[in-house]
Amino acid sequence: MLIEQCAYTNRWRQVSPAAKGLFTSCGIVAAFVARSPLTTCCLAVIILAVAVVGARVSLFRFLKVALPAVLFLAVSAATLAVSVRWGGFPLRLQFHLVNKAELSHIALTCSRSLCGISALMFFSLTTPMTDIICLLRKLKFPEVMLDIMTLGYRALFVFLEVIHDTRTAQMARLGYATPRLAMRSLGILTANLTLQVWQRSNALHQAALARNNDGSLMFLEDEYHRPVLTLLTASCSGCALIALAMVPL
Amino acid sequence: MTKAKNAILELQDVNFRYPDGSVGLNSCSMSIERGSRTAILGVNGAGKTTLFLHLNGILRPQSGQVLYDEASLDYGRESLHNLRSRIGLVFQNPDSQLFSASVREDVSFGPMNLGLGKEIVKERVADALHAVGLTDYADKPVHNLSFGQKKRVCIAGVLAMQPEVIILDEPMAGLDIAMQVELARILDSLHAEGMTIIIATHDIDFAYQWADTISIMVKGNCTATWQISDIANSIEQFGSYGLGVPRVAELHNALVKLRLSDNGNGYPRSHQELVKHLNEIVI
Ligand SMILES: Nc1ncnc2c1ncn2[C@@H]1O[C@H](COP(=O)(O)OP(=O)(O)O)[C@@H](O)[C@H]1O
Ligand SMILES: [Mg+2]
């Protein structure tokens, strides 16, 4: 929900998602073009700075949202860098650090991922889901997928509320007092939710019919603030990122 | 049952049973006059929602027929498209009819389905949001709106299709007093523009205050249709349906009996009107 809030309230909310998407893609391309871990780290920081200074996403939020991904990356890096095996005498766990060449290779891979994370964070923190779907529609993604995304995204909030309400009602009657009761309550909640999903999908179908729908879901596209200019700016700054990535460091 | 002079929608002896055997409509006949305000009154399970699904062509009568503009529906693709673009249906639960997470997108859904051009759709969306007082919320995500606001988004979504008839299923349910007043104001302005409005409710006082015509539904059957002006005179008979009687009419009748009020300028239809009337009487 943190991402949600950011996406709707950042300063670049009205900037066309195409521009933001382009900048993001350039960021990812730059990460792969770059030849040294230092460059890629710099790129990651630059993208972060663009989000914080340009779009006014708070630094704290950016880091908080990125934290799980970065932690995951750190764990994977560690497992890549250290190999563990049984051996020696007496038999015990042996830790081996990989050699230097491999190490720098791992560093590059990880820093590239870091840069990629930064770029994707930039995109998701500045662009609401509905805008992203709108962009994909313009890029001629298959209709069915977009419809599923639209409904899925909306349903997410509807069912989160259902789950919250049901759980609260269960807790109010001591449904989670003991582990045994908790299991039982959870089961009931799941059953209830399944039924609701079925009923709601029926209702949604009727609502679609009532508004004269026959087939795919069509919406009016949002209008964005100066689309050409922002797209141009985005492509220039994206190219700058890639150029920067090529600078040997 | 008196037939309306200028019926826009009509049900003739419609029967409908759900697959599980429960009765939806039971030889239901009813007619809705063009430009009228009709309240469908009935307890939960009386068949109000089922009736509305028939009026919009979503459910099909198992026997009997539905007439629109005095022509029987033929349930072909084209005639359904035509019907649904003229008859807007607002369901009871906003969460099961909002498709998109963006307010503007959702309101545009109906007019886009009508195949209108982008510019026209844009205009209609803006007009519809203005009519329900949500212009400032166009870019807000739906899930951050209150229940009442979501309900208004649903209404805007139907208004944007510019129907001739708007049908609202229990529109007041779940709204606080201020929002009810606001919604009543929206309905009044729609009626002033000549729209035919049908609502389902079990709030007899609101129906009495707002409608021209009240139709009573009992167990899937439309048992009676009343003009508002006839109710105060035969309040006992009206009470016999077990749905209660309009409190203001009851109170007014009692006051008249005690000679504390009179029927000078017609019957008051709301609490406020009664108070105003009493203040005007010099005893
Ligand atoms: N989808 C359904 N499946 C089976 N029975 C239904 C369904 N919807 C409504 N019913 C039944 O049809 C009757 C009329 O319901 P409904 O039209 O929803 O009444 P109301 O809107 O007046 O509360 C009720 O007895 C209800 O249980
Ligand atoms: Mg109902």
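Before moving on, here are some points about what is shown:
- Global geometry of the range B:115-167, whether rounded, prolate or oblate, following the gyration tensor of its Cα atoms and the 1.5 cut on a/c: oblate
- Average accessible surface for the protein assembly as shown: 51 Å² per residue, computed with a 1.4 Å probe over protein heavy atoms with every protein chain in place.
- Within the full protein context, the accessible area of B:Asp74 is estimated at about 100 Å² for a probe radius of 1.4 Å.
- Candidate residues A:Leu229, B:Leu9: accessible-area rank, largest first, probe 1.4 Å: A:Leu229, B:Leu9
- Segment B:Ser229-B:Glu193, extension gain: residue separation times 0.36 nm, minus the distance between their alpha carbons: 10.7 nm
- Pairs with C-alpha atoms separated by more than 23 Å, drawn from the list B:Lys150/B:Lys276; A:Lys138/B:Lys122; A:Lys64/A:Lys138, are B:Lys150/B:Lys276; A:Lys64/A:Lys138.
- Exercise: per-residue mean of other protein chain Cβ atoms within 10 Å, A:213-224: 6
- Crossing angle, helix B:247-257 versus chain B [Cα axis fit, 0-90 degrees, rounded to tens]: 20
- Distance (nanometres) between label positions extended 7 Å along Cα→Cβ at B:Arg77 and A:Leu181: 5.7
- Where labels lie 7 Å past Cα in the beta-carbon direction, separation of A:Val98 and B:Glu280 in nm: 9.0
- Among beta bridges that DSSP assigns inside the protein assembly as shown, antiparallel share in %, nearest 5: 60
- In Å², nearest 10: area of B:Asp127 left accessible to a 1.4 Å probe: 90
- For A:Leu120 and B:Arg17, the FRET efficiency from 1/(1 + (r/R0)^6), where r spans their Cβ atoms and R0 equals 51 Å, is about 0.45.
- Cα pair distances in the range B:7-228, grouped into 10 Å bins until the bin that holds the longest one, percent each: 8, 34, 37, 19, 2
- Per residue of peptide B:102-114, the mean number of Cβ atoms on other chains within 10 Å of the residue Cβ is 6.
- Carbon and sulfur %, accessible surface of chain A computed with the full protein complex present, 1.4 Å: 74
- Rounded to the nearest 10 Å², the accessible area of A:His164 at probe 1.4 Å: 120
- Protection proxy ranking of A:1-7, A:30-36 - average other beta-carbon atoms within 10 Å, highest first: A:30-36, A:1-7
- Applying a DSSP loop filter and a limit of 16 other Cβ atoms within 10 Å to the chymotrypsin sites (Phe, Trp or Tyr not before Pro) in the range B:1-110 leaves B:Tyr75.
- Estimated translational diffusion coefficient (Stokes-Einstein, Kirkwood radius over Cα pairs, 10 °C, 1.306 mPa s) of the range B:177-283: 105 µm² per second.
- In this simple spin-label approximation, A:Ser201 and A:Gln5 carry label points 7 Å from Cα along the Cα→Cβ vector, and these lie 3.3 nm apart.
- Restricting the range B:1-92 to trypsin sites (Lys or Arg not before Pro) in coil, as DSSP defines it, with at most 11 other Cβ within 10 Å: B:Lys3, B:Lys5
- Chains B and A together bury roughly 3400 Å² of accessible area, counting both sides, with a 1.4 Å probe on protein heavy atoms only.
- Oblate is the label for chain A, because a/c, from the alpha-carbon gyration tensor with a ≥ b ≥ c as root eigenvalues, is 1.5 or above and a/b does not exceed b/c.
- Carbon/sulfur fraction of accessible area - chain B, other protein chains in place, 1.4 Å, %: 50
- As a rough guide to protection, the peptides B:252-262, B:169-179 ranked by mean Cβ packing within 10 Å, highest first, stand as B:169-179, B:252-262.
- Peptide B:136-147, shielding by other chains (average Cβ, 10 Å cutoff): 3
- With at most 11 other Cβ atoms within 10 Å, longest stretch of chain B clear of loop GluC sites (Glu not before Pro) (DSSP): B:71-192
- FRET efficiency estimate (nearest 0.05) - Cβ-Cβ, A:Asp165 to A:Val82, R0 60 angstrom: 0.80
The values are calculated or read from the model by the stated rules, or taken from the named source; none is laboratory data. These numbers come from a predicted model, not from an experiment. Methodologically, a virtual Cβ is constructed for each residue, glycine included, from the backbone with ideal geometry; neighbour enumeration extends over all protein chains shown. Note: areas computed on protein heavy atoms with side chains; ligands, DNA, RNA excluded. Shrake-Rupley method; radii C 1.70, N 1.55, O 1.52, S 1.80 Å.
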